[in-house]
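Reading through the structure tokens given below for one structure.
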Amino acid sequence: MKIPKRIIKNLPPVCQLTASVVDAWGGRTYLVGGLVRDLLLDAGALSEANRDWDIAVDLRSTGKGLLGLLKELQNRTGGRYVFHHQFLTGTLMLPELRVDIAHTREESYPQPAVLPEIRPAGIEADLRRRDFTVNALALVLSGPETGTVIDPTGGASDLKHRLIRIIHPLSFIDDPTRIFRAIRFAVRFGFEIESGTLHLMRQAIAAGYPALLTPERILYELRCICRERNALKMLEAVIREGVLAACFPKSSGPEFFGVPVRQVLNELAALVHSGAGEELLMIYLLSRLPVNERFPITREERAAREALMNRNVLLERLSRVRRRSSIYQLLRGVPVRALEILAVLSPGPVRSRLRLYLDELMHVQPQLQAADLIAAGVKPGPQMGRMLERLLVARLDRRVKSRDEELALVHRLQSCNV
């Protein structure tokens, strides 16, 4: 199979530059993986701006190494590079794009779910180590075969028949993150998971192989799903297939970690339909998962998760307050991301108060500042803090609406020795 030369010419200049350097050294250069898949699905796919590019080079016969190539490209482009010797990979970062460059390699897994051991190899061995046939494609970028698609596993046929198929039977055991990716790719492209692949995927889940994954790898896959356009359908499949329950077998209670699956799916659907993005979806998931101190999440995510875990107490208190300043006092210490989630998932009256806080109350400030209070005779210190707090409450409850009214309140409070 050949790709037209006009498409090759439209690749970013760094692709042609890499091919030129490697060709001069006597090596081979390939565009690989998802980029070739997307090109075969849609010839216009490679014109998208600001995307990542994946290049594989075979330097075995050149006497050169990947680090030398990265240095050469850095000198010629003015970019900067990162080199990962253990994996024979590197990244060249340019202002307009990022290029991942790897030596063609084969891999073996000493035990399930661990990172693989890597050895240099040719392009066909490199493609056969990948996750799915549709990602095991390479486009030759140098030499007389430029434009040829290398397809040792039948990926082009599976693209035509809209199938996600693993390349070897131990694929999900070697790397259980491929379970997440099989679902993600199937939903993204509207493909089916091939029947044999689906059987092996479910076998791996039932055998508990996802439990061997580290929290870092589980969370990475969930973040990838949450930023997808069809995240809801992907998450529904991940939950219904029991993937997350298999990741945390010691914590999995009835249903979804003690919460009815239907409730979790309904809440995810409500968040997605409200326009919630990756960040809110991820925080919601964290609130339903058995997260511990080992989980690599941000301080903000952890705080928002804890607030959601305690939402019943918060919402019960919120249901009993009416005054605007009381709503503010109750909610101002709660992470905003947690409140945004609760504003979608909570019942009517409580939801209205959450939205009032998010849309208006949290932004209210007195017009008078500390310097104005000092000019009015308020002493710095605790008295100043109390006065500013009283001004804020009055603003929230609409008892003052202007700077002059705030100043008049200050004078009244001073006369009362507040």
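Please treat every number below as a calculation from the coordinates, not as lab data. All values derive from a computational prediction rather than experimental measurement. Heads up, the Cβs are rebuilt from the backbone with ideal geometry, glycines too, and the neighbour counts pull from every protein chain shown.
Report the full-extension gain for the segment MET362 to ALA207: residue separation times 0.36 nm, less the Cα-Cα distance, to one decimal in nm.
The span from MET362 to ALA207 would gain 50.9 nm if fully extended.
For ASP397 and ARG98, compute 0.36 nm times the residue count separating them, minus their Cα-Cα distance, and round to one decimal in nm.
So the chain would gain 102.5 nm between ASP397 and ARG98.
Restricting to Cα pairs below 8 Å that are 6+ residues apart, what does the relative contact order work out to for the stretch 5-153? Please round to a whole percent.
Relative contact order for the stretch 5-153 comes out at 26 percent.
Set the Förster radius R0 to 41 Å, insert the Cβ-Cβ distance between ARG386 and GLN263 as r into 1/(1 + (r/R0)^6), and round the FRET efficiency to 0.05.
The pair ARG386/GLN263 has a calculated efficiency of 0.40.
In Å and on Cα atoms, what radius of gyration and Dmax does the stretch 307-363 show?
9.8, 26
What is the packing order of peptides 287-295, 391-399, taking the mean over residues of other C-beta atoms within 10 Å and listing the highest first?
Result, highest mean first: 391-399, 287-295.
Report, in deg cm²/dmol and to the nearest 500, the calculated mean residue ellipticity at 222 nm for the chain, where each DSSP H run with n ≥ 4 adds -39500 (n - 2.57) and the sum is divided by the residue count.
-15000 deg cm²/dmol
Given bins 10 angstrom wide, list per bin the percent of all Cα-Cα distances in the stretch 171-296, short to long.
With a bin width of 10 Å, the distribution comes to 13, 47, 36, 5.
Which whole-number percent gives the relative contact order of the chain, counting Cα pairs below 8 Å spaced six or more residues apart?
This gives 9 percent for the chain.
Output the 0 to 90 degree angle, nearest 10, between the alpha-carbon long axis of helix 195-206 and the longest principal axis computed from the alpha carbons of the chain.
50 degrees
In nm, to one decimal, how far is the THR62 label point from the ARG355 one, both placed 7 Å along Cα→Cβ?
Going from the THR62 label point to the ARG355 one covers 6.0 nm.
Take the stretch 370-415, drop everything but the C-alpha atoms, weight them equally and run the Debye formula without solvent; then report log10 I(q)/I(0) at 0.20 Å⁻¹ to two decimals.
Values, matching the q order: -0.57.
Quick check on the stretch 137-217: what does the Kirkwood estimate of hydrodynamic radius come out to from the alpha carbon pairs, in Å?
Radius from the Kirkwood sum: 14.2 Å.
Based on alpha-carbon atoms only, what is the radius of gyration of the stretch 181-228 relative to the globular estimate 2.2 N^0.38 Å?
Here the Cα radius of gyration is 1.25 times the empirical estimate.
Considering only DSSP beta bridges with both partners in the chain, what is the antiparallel share in %, to the nearest 5?
75 percent
Simple spin-label model, 7 Å along Cα-to-Cβ: VAL313 to ARG188 in nm?
Once both label points are built, they end up 4.1 nm from each other.
When Rg is the radius of gyration of the Cα atoms in the stretch 5-153 and Rh is its Kirkwood radius, what does Rg/Rh come to?
Across the stretch 5-153, the Cα-based Rg/Rh ratio is 0.94.
In a shell of Cβ-Cβ distance under 10 Å around ALA113, excluding ALA113 itself, what net charge do Lys and Arg (+1) and Asp and Glu (-1) give?
Residues close to ALA113 contribute a combined charge of -1.
Sorted by packing (mean other beta-carbon atoms within 10 Å per residue), highest first, where do 28-41, 135-148 land?
Per-residue Cβ counts within 10 Å, averaged per peptide and sorted highest first, yield 28-41, 135-148.
What is the packing order of peptides 268-280, 327-339, taking the mean over residues of other C-beta atoms within 10 Å and listing the highest first?
Sorting 268-280, 327-339 by mean packing, highest first, produces 327-339, 268-280.
Computed FRET efficiency, Cβ-Cβ of ALA125 and SER251, R0 35 Å: what is it to the nearest 0.05?
After rounding, the FRET efficiency stands at 0.35.
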